[in-house]
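The values are calculated or read from the model by the stated rules, or taken from the named source; none is laboratory data. Note that the structure is predicted; figures quoted are calculated from it, not measured. Heads up, the Cβs are rebuilt from the backbone with ideal geometry, glycines too, and the neighbour counts pull from every protein chain shown.
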Amino acid sequence: MGARAGGAERAVEAVFREEHGLLLASLVRRFGDLDLAEEVASEAVEAALVHWPVQGVPARPGAWLLTTARRKAVDRLRRDQVYAARLAALQVETDRSAPAPRADPGAELPDERLQLFFTCAHPALPAPARGALMLRCLAGLTTPEVARAYLVPQATMAQRIVRAKQKIRQARIPFRVPGEDELPERLPGVLQVLYSVFTEGYAASSGPELQRPDLTAEAVRLVRILYRLLPTEREVAGLLALMLLVRARQDARTGADGELVLLADQDRSRWDRALIEEGTALVTAALTGGPPGPYAVQAAIAALHDEAPDLETTDWPQIVTLYDVLSALAPSPVVALNRAVAVAMRDGAEAGLALLDGLAGEERLRGHHPYHAARGDLLRRLGRGPEAAAAYRRALDMAGTEPERAHLRRMLEAARRPA
Amino acid sequence: MMMDDTRRPVRQDLTGVRTMKYMLLINAGTVDAEGGAAECDEQDWMAYDKEVREAGILVSGESLADLVTATVVKVGPEGERTVVDGPFAESREVLGGFYVIDVPDLDAALDWAARCPGARGSGSVVVRPVADFGA
């Protein structure tokens, strides 16, 4: 919405960002059409920009926006008979048999966002579009903002979103909350999308900056919403805990000049205690009442790091045990890599290196720079400078962000110097 | 080979909601020497077919004769016709049959696809909405 000044505009912007997902979800539920919902939602905001500066911000701004948007939708359907006929055919309003929205007593709009989470993360949509759709529909980001978040040209992102919406409409991907019986199959897909948004923000795959805090903040905001909607799903709590516990270290991970600061060198007094406390409470809940899910286990690992005064006194045996649990729940070469690094801390570099070398055949690790960087670190600790340099060199050939590359160049230089 | 999720009840809330046609293209994964699908269990197919019919969602459905019986026709720019034997299973996926079903939305179509015996093992089912030029 640009740099328009003035209190009313800012109020509209703030309300719109906060309420956008709620507003859109209500409209989608009523009209069954994402395009129409988006269109009238933004028209309602434009109307707010005209009226609020004159008449003042209404007492219930969200309800005002919804009423205005609904009126505009009805106008639009009156003008466009073809469109109206298509929507009427869906009989959205009369035939919805979905459960009543979970009412939050304090909220002015009923919260119908859960269905949007499932639609945006529908497995029938291409994976790169799912996160983008969530950021747009549920977090209220504009397409240019989503494009910037993913570092892709605006036109590319616009096309990605348009195509996804086209598929939702033409293949009739429904706006509905999966039943209890489907949740175990569908919820992990939603969590995966949110996790990938967070990861892209925390460990950007490319670009000038190591991390993009705005993207991690949006991911946390979305998972908080999901957690309010599904408070008893332990993996939602687990994912929220993981994000908070990792985000707690975010500021300490970047130096004054944007450079990468490793866990070993971080100023732990800069870690966010409030986030750690909140995350730790959540991880306890996520681990209670049944076998833990993969996000809860990862959150538990993050909690152990957050609670340790320094790298040496970190509870590495417990971390290795948790990685064993994680390997059984969700085996992957990246989990095996992290486990090997933890084993190196527990049993020494030699043991860790043996595990890493055992993973050399893994296709997914061959082009994964943290694998080669970890090998470089262990080889250097073992005094094998030239081999360490070769490993850093390989990592440097793949590393995404500029701060990571600068770090690897420093490590490469150090490995080349005779000990 | 029956997975839990294929036993899930299919949503069939057809009352009043306009439905949409989807084609389920059933690909036989592994093909035997005769070009027929190798992993078919007659009983499963009969049970599935019965279910589809009884659910009242069937528009049409056929299973195709073995691939060795297939013939390809092409017409060139001058209208000349080429008829060749084939195509043979160079690709992994061989269309073995199809259903057209009429259901409320993609999730319902995916549920029916997941229950189809052709989706198991090395087989797969491609779900495609039938284009609706009337809307």
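Details
- Residue match in segment A:347-365 (condition: within 30 Å of A:P231 (Cβ to Cβ), at pLDDT 95 or above and not aliphatic (A, V, I, L, M)): no
- Those helices (runs of 4 or more DSSP H) of segment A:114-171 in which at least 2 residues are within 14 Å of chain B (Cβ to nearest Cβ) and over 17 Å from A:S206 (Cα atoms), considering only elements entirely within it, cover A:154-170.
- Screening the candidates A:R86, A:R102 for the property of being modelled with pLDDT under 75, on the phi < 0 side of the Ramachandran plot and within 14 Å of chain B (Cβ to nearest Cβ) yields one hit, A:R86.
- Of all residues in segment A:306-350, exactly one satisfies the criterion of being of a type in the set (D, E), surrounded by 15 or more Cβ atoms within 10 Å (Cβ to Cβ) and under 27 Å from the mean Cα position of the chain (by Cα), namely A:D306.
- Some residue of segment B:70-86 being in contact (Cβ under 8 Å) with a residue 40 or more places away in the chain, assigned to a strand (DSSP E or B) and either within 14 Å of chain A (Cβ to nearest Cβ) or farther than 30 Å from A:L183 by Cα (or both): no
- For segment A:219-250, residues that are under 21 Å from A:F118 (Cα atoms) and not in a helix (DSSP H, G or I) total 4.
- For A:R130, the stated conditions do not hold, so it cannot be described as of a type in the set (K, R) and touching a Phe, Trp or Tyr at 6+ places or on another chain (Cβ under 9 Å).
- Number of the exception - A:G400 against (1) surrounded by 15 or more Cβ atoms within 10 Å (Cβ to Cβ); (2) touching a residue at least 60 places away in the same chain (Cβ under 8 Å): (1)
- Comparison of A:T254, A:T232, A:T284 shows that the only residue that is over 18 Å from A:S196 (Cβ atoms), among the hydroxyl-bearing types (S, T, Y) and in contact (Cβ under 8 Å) with a residue 12 or more places away in the chain is A:T254.
- Comparison of B:L110, B:L95, B:L106 shows that the only residue that is under 23 Å from B:Y22 (Cα atoms) and more than 14 Å from chain A (Cβ to nearest Cβ) is B:L95.
- Verdict on B:E54 being closer than 30 Å to A:R169 by Cβ and either within 14 Å of chain A (Cβ to nearest Cβ) or of a type in the set (D, E) (or both): no
- Filtered residues of segment A:175-210 (kept if over 15 Å from A:A399 (Cβ atoms) and either in contact with a Lys or Arg (Cβ under 7 Å, 6 or more places away or on another chain) or not in a helix (DSSP H, G or I) (or both)): A:F175, A:R176, A:V177, A:P178, A:G179, A:E180, A:D181, A:E182, A:V193, A:G201
- Options A:G383, A:G361; residue that is over 26 Å from the mean Cα position of the chain (by Cα) and touching a residue at least 24 places away in the same chain (Cβ under 8 Å): A:G383
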